[in-house]
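To keep things clear, I will list the structure first and then write my remarks on it.
The values are calculated or read from the model by the stated rules, or taken from the named source; none is laboratory data. Here the structure is a predicted model, which means the values were calculated and not measured. Virtual Cβ from ideal backbone geometry, glycine too; neighbours counted across all protein chains shown. All accessible areas refer to the heavy atoms of the entire protein, side chains included, with ligands and DNA or RNA removed. Shrake-Rupley method; radii C 1.70, N 1.55, O 1.52, S 1.80 Å.
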Amino acid sequence: MIRTIGVIYQDRNSLGFLEGVRRRLNCDAKLLDPPAGIGNTHDIPRKQARLAWAYFQKKRVDLVVRLTDSDRTRWQDVRRGELELVPPDARSVWVCGVAVENLEEWLCLEPNYLAKALAIPQSELSSPQNRTG
């Protein structure tokens, strides 16, 4: 049973997304942030991945989820690059999710639903700058 999930994400929107997925799956696991300064960048350096893994091991997490954006890079390349930085002993419990472009673009794949959920006119979601903002 998964009780604690270590999460590494770029921003508060990403954390909100992860919380939403957790609730949607009726998962009771606790999401645990890494120490300050780890994961708040587009690319997580190898040293930060190693530090995050050491921290998560001490906290006895059952799973690590890294969520990032592709930002005009092929998502497959981003995922491959991220996973190459994961310490070898963490690879069996480390999951890397990559949003094509960014998470806001991904959430806007259903603009009718999103506009209704946010209580805004759908026209406000028509441009990429507005969706990201």
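Please compute the modelled spin-label separation between residue 83 and residue 117, points set 7 Å along Cα→Cβ, answer in nm with one decimal.
2.7
Running Debye on the chain with equal point scatterers at the Cα sites and no solvent, what base-10 log of I(q)/I(0) appears at q = 0.15 Å⁻¹?
Normalising to I(0) and taking log10 leaves -0.75.
What is the packing order of peptides 80-92, 62-74, taking the mean over residues of other C-beta atoms within 10 Å and listing the highest first? Before the final figure, lay out the partial values.
On the way: 80-92: 13.4, 62-74: 17.8.
Ranked from most to least packed, the peptides come out as 62-74, 80-92.
Could you give the length gained on full extension between residue 11 and residue 54, defined as 0.36 nm per residue of separation minus the Cα-Cα distance, in nm? Walk me through the numbers on the way to the answer.
Working: separation 43, 0.36 × 43 = 15.48 nm, distance 2.17 nm.
Taking 0.36 nm per residue and subtracting the Cα distance, the gain is 13.3 nm.
What is the gain in length, in nm to one decimal, between residue 36 and residue 74 on full extension, counting 0.36 nm per residue of separation less the C-alpha to C-alpha distance?
Values: separation 38, 0.36 × 38 = 13.68 nm, distance 2.82 nm.
Length gained between residue 36 and residue 74: 10.9 nm.
I want to make sure I understand the PRE zone here: with the label point 7 angstrom from the Cα of residue 126 toward its beta carbon, which residues in the stretch 87-109 have backbone N atoms less than 19 Å away?
Taking a point 7 Å out along Cα→Cβ of residue 126, the residues of the stretch 87-109 whose backbone N falls under 19 Å are 105, 108-109.
Could you do me a favour and compute the accessible area per residue for the stretch 47-118, 1.4 Å probe, result in Å²?
Values: 4440 Å² over 72 residues.
On a per-residue basis, the stretch 47-118 sits at 62 Å².
Residue by residue through the stretch 113-120, what is 3J(HN,Hα) from phi via Karplus (6.51 cos²θ - 1.76 cosθ + 1.60, θ = phi - 60°)? Round to whole Hz and write x for glycine and proline.
So the J values, rounded to whole Hz, are 5, 5, 4, 5, 5, 8, 6, 10.
For residue 24 paired with residue 95, estimate the spin-label separation in nm (one decimal), with each label point 7 Å from Cα along the Cα-to-Cβ line.
1.2
Once every DSSP H run of n ≥ 4 in the chain is given -39500 (n - 2.57) and the sum is divided by its residues, what mean residue ellipticity at 222 nm do you get, rounded to the nearest 500 deg cm²/dmol?
Numbers: 6 runs with 54 residues, N = 133.
My calculation for the chain gives -11500 deg cm²/dmol from helical runs alone.
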